[in-house]
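Beneath this line is the structure, given in C-alpha coordinates, with notes to follow.
The values are calculated or read from the model by the stated rules, or taken from the named source; none is laboratory data. Because the structure is predicted, anything quoted here is derived from the model rather than measured. Here Cβ is always computed from backbone atoms with ideal geometry, including for glycine, and neighbour counts include all displayed protein chains. Surface accessibility is based on the protein's heavy atoms, side chains included, excluding ligands, DNA and RNA. Shrake-Rupley method; radii C 1.70, N 1.55, O 1.52, S 1.80 Å.
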Amino acid sequence: MEQLVKAAVQKGASVIHIKAGDVFRCRVEGKVYKLSSTRFTAEDTRRIALQLIPNDQDRARINEIKDYDCSWGLDDVGRFRVNILQQRGSFMIIMRAIPWSIPTLEELNLPSVLTQIADQSHGLVLVTGGVGTGKTTTQASMIDWVNKNRQKHIITLEDPIEFLHTDDASTITQREIGVDTDSFRTGLRAALRQDPDIILIGEMRDKETMETAIRASELGQLVLSTMHTPTATSTISQLLAVFPDDEKELARIRVADTLRAVVSQRLLMRADGETRIPALEIMQVTAAIQDCILSNKPAETIQDLIEAGRETYGMQSFQQCLQDLVQSGQVSYEAAKSASENPGDFELYMQTLAGDGQADPFGPAVGSRF
(Lines give C-alpha, C1' and ligand atoms only; values in the text may rest on other atoms or scores of the structure.)
Protein backbone atom coordinates (compact mmCIF):
# COMPACT_ATOMS: atom_id res chain seq x y z
CA MET A 1 0.00 0.00 0.00
CA GLU A 2 2.81 2.39 0.87
CA GLN A 3 4.45 1.78 -2.52
CA LEU A 4 1.16 2.56 -4.25
CA VAL A 5 0.76 5.75 -2.20
CA LYS A 6 4.29 6.81 -3.09
CA ALA A 7 3.67 6.15 -6.80
CA ALA A 8 0.42 8.11 -6.68
CA VAL A 9 2.08 11.15 -5.10
CA GLN A 10 4.89 11.00 -7.66
CA LYS A 11 2.23 11.18 -10.38
CA GLY A 12 0.79 14.32 -8.76
CA ALA A 13 -2.17 12.75 -6.96
CA SER A 14 -4.16 15.06 -4.70
CA VAL A 15 -6.53 12.35 -3.40
CA ILE A 16 -6.23 8.56 -3.06
CA HIS A 17 -9.17 6.09 -3.00
CA ILE A 18 -8.86 2.63 -1.41
CA LYS A 19 -12.05 0.55 -1.46
CA ALA A 20 -12.91 -3.10 -0.97
CA GLY A 21 -13.80 -4.67 -4.30
CA ASP A 22 -12.04 -1.99 -6.35
CA VAL A 23 -8.52 -1.22 -7.57
CA PHE A 24 -6.28 1.52 -6.18
CA ARG A 25 -7.38 4.88 -7.59
CA CYS A 26 -6.05 8.42 -7.35
CA ARG A 27 -7.23 11.87 -8.39
CA VAL A 28 -4.79 13.86 -10.52
CA GLU A 29 -5.75 17.38 -11.63
CA GLY A 30 -9.43 16.67 -11.04
CA LYS A 31 -9.67 13.27 -12.77
CA VAL A 32 -9.77 9.87 -11.03
CA TYR A 33 -7.39 7.26 -12.49
CA LYS A 34 -6.73 3.57 -11.84
CA LEU A 35 -3.24 2.88 -10.54
CA SER A 36 -3.35 -0.90 -10.09
CA SER A 37 -5.02 -3.98 -11.50
CA THR A 38 -5.44 -5.92 -8.25
CA ARG A 39 -8.65 -5.34 -6.31
CA PHE A 40 -8.64 -4.82 -2.56
CA THR A 41 -10.51 -7.32 -0.41
CA ALA A 42 -12.56 -6.33 2.64
CA GLU A 43 -9.77 -7.69 4.84
CA ASP A 44 -7.20 -5.58 2.93
CA THR A 45 -9.07 -2.33 3.58
CA ARG A 46 -9.68 -3.25 7.22
CA ARG A 47 -5.96 -3.90 7.72
CA ILE A 48 -5.03 -0.61 6.01
CA ALA A 49 -7.56 1.27 8.16
CA LEU A 50 -5.99 -0.19 11.29
CA GLN A 51 -2.56 0.92 10.06
CA LEU A 52 -3.77 4.50 9.51
CA ILE A 53 -5.69 4.96 12.80
CA PRO A 54 -3.24 6.74 15.11
CA ASN A 55 -4.18 5.46 18.58
CA ASP A 56 -4.91 2.16 20.34
CA GLN A 57 -8.30 3.24 21.69
CA ASP A 58 -9.73 3.90 18.26
CA ARG A 59 -8.12 0.80 16.77
CA ALA A 60 -9.83 -1.26 19.46
CA ARG A 61 -13.23 -0.05 18.28
CA ILE A 62 -12.53 -0.48 14.57
CA ASN A 63 -15.76 -2.43 14.01
CA GLU A 64 -17.82 0.45 15.41
CA ILE A 65 -16.33 3.10 13.12
CA LYS A 66 -18.66 4.45 10.44
CA ASP A 67 -16.89 7.78 9.69
CA TYR A 68 -13.48 8.65 11.08
CA ASP A 69 -10.97 11.45 10.42
CA CYS A 70 -7.25 11.44 11.18
CA SER A 71 -3.90 12.38 9.66
CA TRP A 72 -1.06 10.11 8.56
CA GLY A 73 2.46 10.67 7.30
CA LEU A 74 4.80 8.66 5.08
CA ASP A 75 8.50 9.52 5.29
CA ASP A 76 9.90 11.28 2.23
CA VAL A 77 6.44 11.29 0.62
CA GLY A 78 4.10 13.58 2.54
CA ARG A 79 1.23 13.87 4.99
CA PHE A 80 -2.36 12.90 4.34
CA ARG A 81 -5.76 13.90 5.68
CA VAL A 82 -7.51 10.56 6.06
CA ASN A 83 -11.21 9.73 6.12
CA ILE A 84 -12.18 6.14 6.93
CA LEU A 85 -15.76 5.16 6.18
CA GLN A 86 -17.90 2.11 5.72
CA GLN A 87 -19.74 1.37 2.48
CA ARG A 88 -21.68 -1.83 1.75
CA GLY A 89 -20.38 -3.32 4.99
CA SER A 90 -16.66 -2.89 4.32
CA PHE A 91 -14.11 -0.13 4.77
CA MET A 92 -13.19 2.55 2.28
CA ILE A 93 -10.36 5.03 2.77
CA ILE A 94 -9.97 8.50 1.24
CA MET A 95 -6.54 10.09 1.65
CA ARG A 96 -6.01 13.74 0.70
CA ALA A 97 -2.35 14.57 0.09
CA ILE A 98 -0.74 17.44 2.01
CA PRO A 99 2.75 18.48 0.87
CA TRP A 100 5.53 18.57 3.46
CA SER A 101 6.44 22.09 2.39
CA ILE A 102 3.93 24.94 2.35
CA PRO A 103 3.67 26.57 -1.08
CA THR A 104 3.98 30.34 -1.22
CA LEU A 105 1.21 32.59 -2.48
CA GLU A 106 3.29 33.21 -5.61
CA GLU A 107 3.73 29.49 -6.25
CA LEU A 108 -0.04 29.05 -5.98
CA ASN A 109 -0.61 31.89 -8.47
CA LEU A 110 -2.55 33.87 -5.85
CA PRO A 111 -2.73 37.70 -5.90
CA SER A 112 -0.48 39.73 -3.61
CA VAL A 113 -3.50 41.42 -1.98
CA LEU A 114 -3.81 38.26 0.15
CA THR A 115 -0.74 39.40 2.09
CA GLN A 116 -2.57 42.62 3.00
CA ILE A 117 -5.57 40.58 4.12
CA ALA A 118 -3.36 38.28 6.21
CA ASP A 119 -1.71 41.35 7.73
CA GLN A 120 -4.93 42.65 9.34
CA SER A 121 -4.56 43.37 13.05
CA HIS A 122 -7.96 41.96 14.01
CA GLY A 123 -11.27 40.84 12.57
CA LEU A 124 -12.60 37.81 10.72
CA VAL A 125 -11.14 36.57 7.41
CA LEU A 126 -12.80 33.66 5.61
CA VAL A 127 -11.50 31.47 2.79
CA THR A 128 -14.44 29.73 1.14
CA GLY A 129 -15.25 27.30 -1.63
CA GLY A 130 -16.32 23.75 -2.32
CA VAL A 131 -14.57 20.57 -1.24
CA GLY A 132 -11.18 20.16 -2.89
CA THR A 133 -10.83 23.73 -4.14
CA GLY A 134 -7.64 24.46 -2.19
CA LYS A 135 -9.06 26.44 0.74
CA THR A 136 -6.76 24.82 3.30
CA THR A 137 -3.68 25.35 1.12
CA THR A 138 -4.49 29.03 0.55
CA GLN A 139 -5.08 29.53 4.26
CA ALA A 140 -1.81 27.76 5.12
CA SER A 141 0.09 29.97 2.64
CA MET A 142 -1.36 33.11 4.24
CA ILE A 143 -0.31 31.87 7.70
CA ASP A 144 3.13 30.98 6.33
CA TRP A 145 3.54 34.53 4.99
CA VAL A 146 2.74 35.95 8.43
CA ASN A 147 5.08 33.42 10.05
CA LYS A 148 7.97 34.58 7.87
CA ASN A 149 7.28 38.32 7.91
CA ARG A 150 5.68 39.28 11.24
CA GLN A 151 6.33 38.70 14.94
CA LYS A 152 3.09 37.06 16.08
CA HIS A 153 1.72 34.20 18.14
CA ILE A 154 -0.48 32.07 15.89
CA ILE A 155 -2.75 29.36 17.30
CA THR A 156 -4.32 26.84 14.92
CA LEU A 157 -7.27 24.56 15.71
CA GLU A 158 -7.51 21.79 13.12
CA ASP A 159 -9.32 18.49 12.59
CA PRO A 160 -6.88 16.97 11.82
CA ILE A 161 -3.65 19.02 11.66
CA GLU A 162 -2.70 19.21 8.00
CA PHE A 163 0.24 21.46 7.06
CA LEU A 164 3.01 21.44 9.66
CA HIS A 165 4.36 24.93 10.38
CA THR A 166 7.85 25.61 11.74
CA ASP A 167 8.36 28.63 14.00
CA ASP A 168 10.06 31.46 12.12
CA ALA A 169 9.62 35.19 12.81
CA SER A 170 6.36 34.14 14.48
CA THR A 171 5.67 31.29 16.89
CA ILE A 172 2.92 28.83 15.96
CA THR A 173 0.93 26.59 18.31
CA GLN A 174 -0.94 23.83 16.43
CA ARG A 175 -3.73 21.95 18.24
CA GLU A 176 -5.63 18.97 16.88
CA ILE A 177 -9.29 18.51 17.73
CA GLY A 178 -9.85 15.33 19.72
CA VAL A 179 -6.15 15.05 20.59
CA ASP A 180 -5.03 18.40 22.03
CA THR A 181 -8.48 19.86 22.72
CA ASP A 182 -12.01 18.45 22.79
CA SER A 183 -13.70 20.54 20.11
CA PHE A 184 -13.38 23.67 17.98
CA ARG A 185 -15.61 25.49 20.45
CA THR A 186 -13.64 24.57 23.59
CA GLY A 187 -10.30 25.04 21.84
CA LEU A 188 -11.36 28.46 20.59
CA ARG A 189 -12.54 29.57 24.01
CA ALA A 190 -9.27 28.37 25.55
CA ALA A 191 -7.24 30.11 22.82
CA LEU A 192 -8.50 33.48 24.03
CA ARG A 193 -6.49 32.90 27.23
CA GLN A 194 -3.35 31.79 25.40
CA ASP A 195 -1.99 35.15 24.22
CA PRO A 196 -2.86 34.79 20.52
CA ASP A 197 -2.46 37.41 17.82
CA ILE A 198 -3.99 35.16 15.16
CA ILE A 199 -6.32 32.20 15.58
CA LEU A 200 -6.83 29.80 12.68
CA ILE A 201 -9.93 27.60 12.81
CA GLY A 202 -9.86 24.72 10.36
CA GLU A 203 -13.55 25.09 9.59
CA MET A 204 -16.54 26.98 10.99
CA ARG A 205 -19.18 24.27 11.25
CA ASP A 206 -21.87 25.48 13.64
CA LYS A 207 -23.42 28.48 15.37
CA GLU A 208 -21.34 28.12 18.54
CA THR A 209 -18.06 28.10 16.64
CA MET A 210 -19.12 31.05 14.48
CA GLU A 211 -20.28 33.00 17.51
CA THR A 212 -17.04 32.35 19.40
CA ALA A 213 -14.98 33.26 16.33
CA ILE A 214 -16.84 36.56 16.03
CA ARG A 215 -16.31 37.16 19.74
CA ALA A 216 -12.56 36.49 19.40
CA SER A 217 -12.31 38.99 16.55
CA GLU A 218 -14.22 41.53 18.65
CA LEU A 219 -11.62 41.10 21.40
CA GLY A 220 -8.77 42.13 19.09
CA GLN A 221 -7.57 38.90 17.46
CA LEU A 222 -7.38 38.13 13.76
CA VAL A 223 -9.43 34.98 13.15
CA LEU A 224 -8.96 32.98 9.93
CA SER A 225 -11.27 30.15 8.98
CA THR A 226 -12.94 28.34 6.09
CA MET A 227 -16.55 27.80 5.05
CA HIS A 228 -18.16 25.71 2.31
CA THR A 229 -19.78 28.65 0.54
CA PRO A 230 -19.28 29.48 -3.16
CA THR A 231 -19.17 33.31 -3.13
CA ALA A 232 -18.58 36.27 -0.83
CA THR A 233 -22.24 37.25 -0.72
CA SER A 234 -23.41 33.70 0.02
CA THR A 235 -20.84 33.59 2.83
CA ILE A 236 -22.43 36.64 4.47
CA SER A 237 -25.87 35.05 4.10
CA GLN A 238 -24.65 31.77 5.61
CA LEU A 239 -23.03 33.55 8.56
CA LEU A 240 -26.31 35.27 9.36
CA ALA A 241 -28.50 32.24 8.62
CA VAL A 242 -27.21 30.24 11.61
CA PHE A 243 -28.59 32.80 14.06
CA PRO A 244 -32.28 32.60 15.12
CA ASP A 245 -34.65 35.37 14.04
CA ASP A 246 -34.58 37.14 17.40
CA GLU A 247 -30.75 37.42 17.16
CA LYS A 248 -30.54 38.38 13.49
CA GLU A 249 -30.24 42.16 13.90
CA LEU A 250 -27.50 41.92 16.52
CA ALA A 251 -25.72 39.28 14.43
CA ARG A 252 -25.87 41.58 11.39
CA ILE A 253 -24.20 44.36 13.40
CA ARG A 254 -21.50 42.02 14.72
CA VAL A 255 -20.75 40.52 11.31
CA ALA A 256 -20.58 43.96 9.70
CA ASP A 257 -18.23 45.14 12.44
CA THR A 258 -15.86 42.13 12.47
CA LEU A 259 -15.76 40.71 8.95
CA ARG A 260 -12.66 41.96 7.16
CA ALA A 261 -12.47 39.89 3.99
CA VAL A 262 -13.86 36.87 2.15
CA VAL A 263 -11.72 34.99 -0.37
CA SER A 264 -13.80 32.52 -2.41
CA GLN A 265 -11.91 30.01 -4.49
CA ARG A 266 -12.41 27.53 -7.32
CA LEU A 267 -9.97 25.44 -9.35
CA LEU A 268 -10.08 25.47 -13.16
CA MET A 269 -8.18 23.35 -15.65
CA ARG A 270 -5.50 25.36 -17.41
CA ALA A 271 -5.61 25.78 -21.17
CA ASP A 272 -2.80 23.20 -21.47
CA GLY A 273 -5.18 20.59 -20.00
CA GLU A 274 -2.50 19.34 -17.60
CA THR A 275 -2.72 21.37 -14.40
CA ARG A 276 -5.27 23.46 -12.54
CA ILE A 277 -5.24 27.13 -11.57
CA PRO A 278 -7.23 28.96 -8.88
CA ALA A 279 -9.92 31.48 -9.74
CA LEU A 280 -10.65 33.83 -6.85
CA GLU A 281 -13.35 36.24 -5.80
CA ILE A 282 -11.92 38.70 -3.27
CA MET A 283 -14.06 40.96 -1.11
CA GLN A 284 -12.61 43.37 1.42
CA VAL A 285 -15.20 44.87 3.73
CA THR A 286 -15.11 48.59 2.99
CA ALA A 287 -17.39 51.14 4.65
CA ALA A 288 -19.80 50.82 1.71
CA ILE A 289 -19.96 47.01 1.98
CA GLN A 290 -20.31 47.28 5.75
CA ASP A 291 -23.33 49.53 5.18
CA CYS A 292 -24.79 46.94 2.76
CA ILE A 293 -24.53 44.25 5.44
CA LEU A 294 -26.12 46.48 8.08
CA SER A 295 -28.91 47.58 5.75
CA ASN A 296 -29.54 44.10 4.34
CA LYS A 297 -29.08 45.36 0.79
CA PRO A 298 -29.31 42.91 -2.14
CA ALA A 299 -26.34 40.70 -2.95
CA GLU A 300 -26.12 42.43 -6.35
CA THR A 301 -25.23 45.71 -4.63
CA ILE A 302 -22.29 44.10 -2.83
CA GLN A 303 -21.26 42.40 -6.08
CA ASP A 304 -21.17 45.76 -7.85
CA LEU A 305 -19.01 47.21 -5.06
CA ILE A 306 -16.59 44.28 -5.32
CA GLU A 307 -16.14 44.90 -9.05
CA ALA A 308 -15.83 48.68 -8.58
CA GLY A 309 -13.22 48.25 -5.82
CA ARG A 310 -10.71 46.43 -7.96
CA GLU A 311 -8.16 49.18 -8.46
CA THR A 312 -8.44 50.82 -5.05
CA TYR A 313 -8.79 47.77 -2.79
CA GLY A 314 -7.55 44.84 -4.87
CA MET A 315 -11.00 43.26 -4.92
CA GLN A 316 -12.34 41.23 -7.81
CA SER A 317 -15.42 39.23 -8.71
CA PHE A 318 -15.25 35.73 -10.14
CA GLN A 319 -16.38 37.20 -13.45
CA GLN A 320 -13.45 39.64 -13.53
CA CYS A 321 -10.98 36.92 -12.56
CA LEU A 322 -12.29 34.54 -15.21
CA GLN A 323 -12.05 37.26 -17.86
CA ASP A 324 -8.42 37.88 -16.91
CA LEU A 325 -7.59 34.17 -17.05
CA VAL A 326 -9.08 33.88 -20.56
CA GLN A 327 -7.41 37.04 -21.86
CA SER A 328 -4.03 35.92 -20.53
CA GLY A 329 -4.45 32.54 -22.23
CA GLN A 330 -4.20 30.62 -18.97
CA VAL A 331 -7.74 29.21 -19.15
CA SER A 332 -9.88 28.42 -22.20
CA TYR A 333 -13.00 30.42 -22.90
CA GLU A 334 -15.14 27.28 -22.57
CA ALA A 335 -13.73 26.38 -19.15
CA ALA A 336 -14.19 29.93 -17.86
CA LYS A 337 -17.73 30.21 -19.18
CA SER A 338 -18.62 26.87 -17.57
CA ALA A 339 -17.28 28.08 -14.21
CA SER A 340 -19.01 31.47 -14.39
CA GLU A 341 -21.89 32.29 -12.06
CA ASN A 342 -23.76 33.68 -15.07
CA PRO A 343 -22.50 32.16 -18.35
CA GLY A 344 -24.78 34.41 -20.44
CA ASP A 345 -23.38 37.59 -18.92
CA PHE A 346 -19.85 36.24 -19.24
CA GLU A 347 -20.32 35.53 -22.95
CA LEU A 348 -21.87 38.96 -23.52
CA TYR A 349 -19.01 40.73 -21.76
CA MET A 350 -16.35 38.86 -23.72
CA GLN A 351 -18.13 39.63 -26.99
CA THR A 352 -18.29 43.30 -25.96
CA LEU A 353 -14.52 43.27 -25.48
CA ALA A 354 -14.15 41.80 -28.97
CA GLY A 355 -16.42 44.52 -30.36
CA ASP A 356 -14.31 47.20 -28.66
CA GLY A 357 -11.28 45.92 -30.53
CA GLN A 358 -9.34 44.80 -27.48
CA ALA A 359 -6.63 42.30 -28.36
CA ASP A 360 -7.53 38.63 -27.95
CA PRO A 361 -10.41 39.08 -25.48
CA PHE A 362 -11.13 35.35 -25.76
CA GLY A 363 -7.53 34.25 -25.43
CA PRO A 364 -5.87 31.98 -27.98
CA ALA A 365 -7.74 30.20 -30.78
CA VAL A 366 -10.97 32.20 -30.51
CA GLY A 367 -11.95 31.58 -34.11
CA SER A 368 -12.32 27.83 -33.55
CA ARG A 369 -15.38 28.46 -31.38
CA PHE A 370 -17.51 30.34 -33.92
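When shorter helices are ignored and each DSSP H run of at least 4 residues is given -39500 (n - 2.57), the per-residue value for the chain at 222 nm works out to -11000 deg cm²/dmol. With contacts taken as Cα pairs under 8 Å and at least 6 residues apart, the chain reaches a relative contact order of 12 percent.
Rounded to whole Å, give me the distance from the Cα center of region 152-168 to that of region 69-141. Going from one Cα centre to the other spans 12 Å.
Percent of Cα-Cα pairs more than 20 Å apart in region 278-356, please. Tail of P(r) above 20 Å: 37 percent of Cα pairs.
Excluding same-chain residues fewer than 8 positions from LYS148, which lysines have a Cα within less than 23 Å of its Cα? In chain and number order, the partners are LYS135. Net charge dipole, the chain: roughly 1100 debye, given to the nearest 20, about the Cα centre with Cβ charges of +1 for Lys and Arg and -1 for Asp and Glu.
When the solvent-accessible area of region 129-216 is split by element, carbon and sulfur atoms take up 40 percent of it, the probe being 1.4 Å.
Listed by chain and number, the lysines whose C-alpha is less than 17 Å from the C-alpha of LYS207, apart from same-chain residues fewer than 8 away, are LYS248.
From most to least packed by mean Cβ count within 10 Å, the peptides 40-46, 220-226 give 220-226, 40-46. Shown are VAL113, VAL179, whose ranking by accessible area with a 1.4 Å probe and every protein chain present, most to least, is VAL179, VAL113.
For the chain, just say rounded, prolate or oblate: build the C-alpha gyration tensor, square-root its eigenvalues into a ≥ b ≥ c, call rounded for a/c under 1.5, and beyond that prolate if a/b exceeds b/c, oblate if not. Don't skip to the answer; put the middle values down first.
Working: a/c = 1.86, a/b = 1.17, b/c = 1.59.
In terms of gyration-tensor shape, oblate.
Summed over the residues of region 167-305 and divided among them, the accessible surface reaches 43 Å² per residue at a probe radius of 1.4 Å.
Going by a ≥ b ≥ c, the root eigenvalues of the Cα gyration tensor, does region 113-229 fall in the rounded group (a/c under 1.5), the prolate group (a/b larger than b/c) or the oblate group? The shape class here is rounded.
Accessible surface computed residue by residue for region 36-135, with neighbouring protein chains in place and a 1.4 Å probe, gives 51 Å² per residue. The aspartates and glutamates whose alpha-carbon is closer than 17 Å to the alpha-carbon of LYS152, local same-chain residues fewer than 8 away aside, are ASP119, ASP144, ASP167, ASP168, ASP195, ASP197.
Ranking THR133, THR235, ILE199 by how far each Cα lies toward the positive end of the dipole of the chain (charges on Cβ) leaves THR133 at the top.
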